[in-house]
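Below: the structure, in structure tokens.
The values are calculated or read from the model by the stated rules, or taken from the named source; none is laboratory data. What you see is a predicted model, and the numbers here were worked out from it, not measured in a lab. Because the Cβ atoms are built from the backbone with ideal geometry, glycine has one as well, and the counts that use them run over all protein chains shown. SASA here: full protein model, heavy atoms, side chains in, ligands and nucleic acids out. Shrake-Rupley method; radii C 1.70, N 1.55, O 1.52, S 1.80 Å.
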Amino acid sequence: MEQATASHDTRDRLLDGIRGVAIVLVVLSHGWTLWPTEKLLSHKTLNPWFTSGNFAVSIFFVVGAFLATRTLLRRVDSGTDLHVGVISVRRYVRLSGQLYVLLIAVLIVTATDTASAYPNADTGASVFRIATYTWNWFLVGHALTARPDLGHLWYLSVDFQIFLLVLALVYLLGRRRAWLALSLGTLLVAALLWRSHVFGLDGGAYRALLQTTTRMDAPLTGALAAVLLPYLGVLRRFARPLLVVSTVALVPVLVLTDTEASFVGWPGVVLDATLFLFVVTCAMSTAPRLLERTLGSAPLAFLGRRSLSLYLWHYPLFWFISRHSGGWAWESRAAVGMVAMFAISELSERLVETRVQRMLRSERWRELDDGIPQFLGTRIRGWWRAPVEPSRPDETVHPADRDQPV
């Protein structure tokens, strides 16, 4: 049992670690708002590390979809009913806690910041679309009026949309795994072909990187990996070396996908395949000690666990600091940006994220696992229950009714 627990912890650290790498790449790709990039982008060795935001987002998509789909399939295998409405609401709450706090902050800053260059109408439309997880659709049709400092939040819209799609497929086909795998695989191939087609159209590069149908390849890859995992036992003997190979292979794949054209081409397909192999072998085997100490190191795992808050806050903060630091040296601007990013994201984790997680683990939310109708029925019956008679004077008073400090 202790060995199994240690193995599970190692796998969690690896998945957190690769998400830690991803958030570092996202921050570096958005660093152009804080520091000059001419020399960085002209350097062949450095350029990929500062232009790999799409690569990083694919990591988030694959790992997140893999874990979410495995959870859904375990519920199916245990005989627990999938209540689509409850699961959708839980996912919505999970994503919206910190996001809505960020949107409130954006509205306050826009109303009070004299240096803000965004019309109120643009901010209102942008905030509404982000809050309703349709932001990527708005960006495609309103590129000139959407808030640029919130552009990165398209990821959450696509993530939520594809989660609902996968949830529906698992609900319908969860007990017919072959059909579920075939459905996900067909959608994956169609998404890759469609993305290549859209990219080839006039102005298609922008749409190919934002549309749901062109960016759902990565989350579908993660979901497919979760579905096929029990049937890939043939890989178990080689899982440990394949885990190393897939991890190391991500470095040249990062270099190959550093441009939009390469990302939507065959290197993007190789990226999906490499991440598929990584999550599958990570679930099958323990990592070699060197991989544990690098990819699974404490700093990367910490960043991975904080990746949502860091992702949400970093870009609008960078834009805000850039607007208010016109005369600063870029080194000072970058330092303030990094400190502010970590400070505010940690504050968001402690004040918002921990409370959201605690609420979702509460007894009332667990009661919802039996379905919304059952939950409402239980509540209504409780409301109509006969009132309890008042206690007599000589009866023992319940401790909760005593006049004492809480």
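For every other residue with a beta carbon closer than 12 angstrom to the beta carbon of LEU150, add +1 if it is Lys or Arg and -1 if Asp or Glu, then tell me the sum. Walk me through the intermediate numbers first.
Working: positive: ARG129, ARG147; negative: ASP122, ASP149.
Combined, the nearby Lys, Arg, Asp and Glu give 0.
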Practice problem: Classify region 101-142 as rounded, prolate or oblate, taking a ≥ b ≥ c as the square roots of the eigenvalues of its Cα gyration tensor: rounded when a/c is under 1.5, otherwise prolate if a/b is larger than b/c and oblate if not. | Solution: oblate
Quiz item: What value, in deg cm²/dmol to 500, does the helix sum -39500 (n - 2.57) over DSSP H runs of n ≥ 4 give at 222 nm once divided by the residues of the chain?
Solution: -22500 deg cm²/dmol
Quiz item: Using a 1.4 Å probe on the protein chains only, how many percent of the accessible area of the chain belongs to carbon and sulfur?
Solution: 64 percent
Quiz item: Charges only on Cβ, +1 for Lys and Arg, -1 for Asp and Glu: so what's the dipole of region 87-151 about the Cα centre, in debye to the nearest 20?
Solution: 400 debye
Quiz item: Across every pair of different alpha-carbon atoms, what Kirkwood hydrodynamic radius in Å does region 109-180 reach?
Solution: 14.1 Å
Quiz item: How big is region 124-267 on each of its three principal axes, counting only the C-alpha atoms and giving the largest first in Å?
Solution: 53, 38, 26
Quiz item: Which of these, ARG19, ARG215, ARG323, has the largest mean-square fluctuation under a Gaussian network model of the chain (Cα springs below 10 Å)?
Solution: ARG323
Practice problem: Please work out whether region 45-142 counts as rounded, prolate or oblate from its C-alpha gyration tensor, where a ≥ b ≥ c are the square roots of the eigenvalues and a/c under 1.5 means rounded, while otherwise a/b larger than b/c means prolate and anything else oblate? | Solution: oblate
Quiz prompt | Whole-Å distance, taken between Cα centres, linking region 63-80 and region 229-268 | solution = 23 Å
Practice problem: Could you point to the residue in GLN211, GLY85, SER126 farthest towards the positive end of region 72-224's charge dipole, with +1 and -1 charges on the Cβ of Lys/Arg and Asp/Glu respectively? | Solution: GLY85
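Quick one: net charge of LEU210's neighbours, Cβ under 14 Å, K/R +1, D/E -1? Mind showing how you got there, number by number?
Details: positive: ARG129, ARG195, ARG207, ARG215; negative: ASP159, ASP217, GLU260.
Combined, the nearby Lys, Arg, Asp and Glu give +1.
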Quiz item: Can you list the HN-Hα couplings for region 55-63, worked out from phi with the Karplus curve (6.51, -1.76, 1.60; θ = phi - 60°), rounded to whole Hz and with x for Gly and Pro?
Solution: 4, 5, 5, 4, 4, 4, 4, 5, 5
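Could you size up the charge dipole of region 257-312 around its Cα centre, putting +1 on the beta carbon of Lys and Arg and -1 on that of Asp and Glu, and report it in debye to the nearest 20?
Around 360 debye, computed over region 257-312.
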Practice problem: Compare the Cα positions of VAL339, SER322, VAL352 along the charge dipole of region 270-361 (+1 at Cβ of Lys, Arg; -1 at Cβ of Asp, Glu; about the Cα centre) and return the one farthest towards the positive end. | Solution: VAL352
Self-check item: the chain - Rg over Rh from alpha carbon coordinates, Kirkwood radius
Solution: 1.02
Quiz item: Using alpha carbon coordinates only, what is the Rg to Rh ratio of region 275-335, with Rh defined as the Kirkwood radius?
Solution: 1.21
Self-check item: TYR92, TYR231, reordered so the largest accessible area comes first (probe 1.4 Å)
Solution: TYR231, TYR92
Self-check item: For region 75-215, accessible area per residue (1.4 Å probe, heavy atoms of protein chains only), Å²
Solution: 46 Å²
Quiz item: By its C-alpha gyration tensor, with a ≥ b ≥ c as the square roots of the eigenvalues, how is region 232-308 shaped: rounded for a/c under 1.5, else prolate for a/b larger than b/c, else oblate?
Solution: oblate
Quiz item: In 10 Å bins starting at 0, how do the alpha-carbon pair distances of region 205-338 split up by percent?
Solution: 10, 27, 34, 21, 7, 1, 0
Quiz item: Just going by the charge dipole of the chain, with Lys and Arg at +1 and Asp and Glu at -1 on Cβ, which of PRO299, GLN161, SER246 is farthest out on the positive end?
Solution: SER246
Self-check item: Karplus (6.51, -1.76, 1.60) ³J(HN,Hα), θ = phi - 60°, over region 20-30, in Hz, Gly and Pro reported as x
Solution: x, 4, 4, 5, 4, 5, 5, 4, 5, 5, 9
Quiz item: If amide H atoms are built 1.01 Å from N in the plane of the peptide, which residues on other chains or at least 5 residues away come under 5 Å of the amide H of VAL264?
Solution: none
Exercise. Please compute the net charge surrounding ALA287, taking Lys and Arg as +1 and Asp and Glu as -1 over other residues with Cβ under 9 Å from its Cβ.
Key: +3
Quiz item: Roughly how many Å² is the accessible area per residue of region 248-380, as a whole number, for a 1.4 Å probe?
Solution: 49 Å²
Practice problem: With only Lys, Arg, Asp and Glu charged, each at its Cβ (+1 for the first two, -1 for the last two), find how big the charge dipole of the chain is about the Cα centre; round to the nearest 20 debye. | Solution: 780 debye
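Give me D for region 57-113 in µm² s⁻¹, whole number, from Stokes-Einstein with Rh from the Kirkwood sum over alpha-carbon pairs, 4 °C and 1.567 mPa s.
Details: Rh = 13.9 Å.
Value of D from the Cα-based Kirkwood radius: 93 µm²/s.
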